[in-house]
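The values are calculated or read from the model by the stated rules, or taken from the named source; none is laboratory data. Being a predicted model, the structure only gives us computed values, none of them experimental. Note that we place each Cβ from the backbone using ideal geometry, even for glycine, and neighbour counts take in every protein chain shown.
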Amino acid sequence: MEKFSKGNTEDKISDSPAVETTDLDLRTLKDSELLPIEQAKEIISRYGIKIIFPSDVKRGERVAKSFLWMDEDAKPPVIPDKEKENCIRGIASEMIMYPEEFFRSNGINKFYIISSEIQGGFVDTISKRLYLSIENYRSIPLKVREGFTFHHELLHLLEIATPQGREFKKTWNLEFPRISTLKQIIFKILGKAVGDEFDKRKEKFWEIPSSEWKKKYLSNYSALNEKEDRAMTAGLLFVSPEYMMNTLAKNTSEIIKRKLSYAISLYYKLSPKMDAGFWADYAMGKVDANYWRTRRY
């Protein structure tokens, strides 16, 4: 999800009819599958990233502290230390998918955490900041989906913060043009009312589209618009090696295969280390906290 103003509006999501559901919500990351807290802190520091919690924001600094932007002088919400620890471990466990210099070379050095009971995140296109909800990390085991959220939102950020991302966006839109459905047109007209209704049934965006849409999209949310299609396609690569391989094996759509290929090529352009060898190692479950330091080229 992206935010397009300085804070009083955000994209809403519409849902679509579906005939089956992915198994993404059924899978979790156990405590033993996450990096230990000290190792997680070391990796985040080594990668040149700072995680900014609401209490870290300086008085008067314009930073979102929730999905609804708060007054600069408002008292920041308190996030318990255990939830902060879960958050650090969860984010570090996803960051190791990228080479150590990935974030520095692409101008990314901070991730902002917001206090919210809503899962997910967003990118503010004005400040080029990536925000993740603490709700993603309240308790362990973490849903695999929350790890996916990190990669999904990071793709949104890369599209506005890097020339490679902007070119990817332009090329994708030319290669995979869309025609708005009547439902999407109505959604744009009704706006908030549709968004509020979706909030009550938000889990549905994980459902797989009905028959014809399966040939073009990986989920209902992918079909919302071009930018969410790109972020969903790219993000789903990182859910897990098994999930990626199953998606490729089960999906015979040439359009889906081309989309996945486009996403993979973007990461190579952002970091040549994310080459075919990386994806082969990732598919075999070889990418861990020591991968980039021990990999042989």
### Message
For region 280-296: of the residues being assigned to a helix (DSSP H, G or I) and closer than 21 Å to ALA263 by Cβ, which is modelled with the lowest pLDDT?
### Response
ALA283
### Query
Any idea how many residues of region 111-124 are surrounded by fewer than 20 Cβ atoms within 10 Å (Cβ to Cβ) and under 15 Å from the mean Cα position of the chain (by Cα)?
2
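Table: residues versus (1) touching a helix residue (DSSP H, G or I) at 6+ places or on another chain (Cβ under 7 Å); (2) among the basic types (Lys, Arg); (3) within 18 Å of LYS58 (Cα to Cα).
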site: PRO76; (1), (2), (3): yes, no, yes
site: MET95; (1), (2), (3): yes, no, no
site: ASN106; (1), (2), (3): yes, no, no
site: TYR112; (1), (2), (3): no, no, yes
### Task
Please work out which one of (1) farther than 22 Å from MET97 by Cα; (2) surrounded by fewer than 17 Cβ atoms within 10 Å (Cβ to Cβ); (3) of a type in the set (A, V, I, L, M); (4) at pLDDT below 80 is the condition LEU248 fails and give its number.
(1)
### Message
Among the listed residues LEU157, LEU132, identify the single one that is part of a strand (DSSP E or B) and under 11 Å from the mean Cα position of the chain (by Cα).
### Response
LEU132
#### Entry: Filtered residue count, region 227-257, keeping only those that are closer than 20 Å to LYS170 by Cβ and touching a helix residue (DSSP H, G or I) at 6+ places or on another chain (Cβ under 6 Å)
8
### Query
Just a yes or no: is a residue in region 252-261 more than 29 Å from ARG46 (Cα to Cα) and in contact with a Lys or Arg (Cβ under 6 Å, 6 or more places away or on another chain)?
yes
## Note on the structure
Counted residues in region 253-279 being aliphatic (A, V, I, L, M), within 19 Å of LEU158 (Cα to Cα) and assigned to a helix (DSSP H, G or I) come to 5
### Selection within region 263-283 - closer than 24 Å to TYR217 by Cβ, among the hydrophobic types (A, V, I, L, M, F, W, C) and surrounded by fewer than 15 Cβ atoms within 10 Å (Cβ to Cβ)
ALA283
#### Entry: Residue list for region 234-252, filter: in a helix (DSSP H, G or I), within 17 Å of GLU94 (Cβ to Cβ) and out of contact with any Phe, Trp or Tyr (no Cβ under 6 Å at 6 or more places or on another chain)
ALA234, LEU236, GLU242, TYR243, MET244
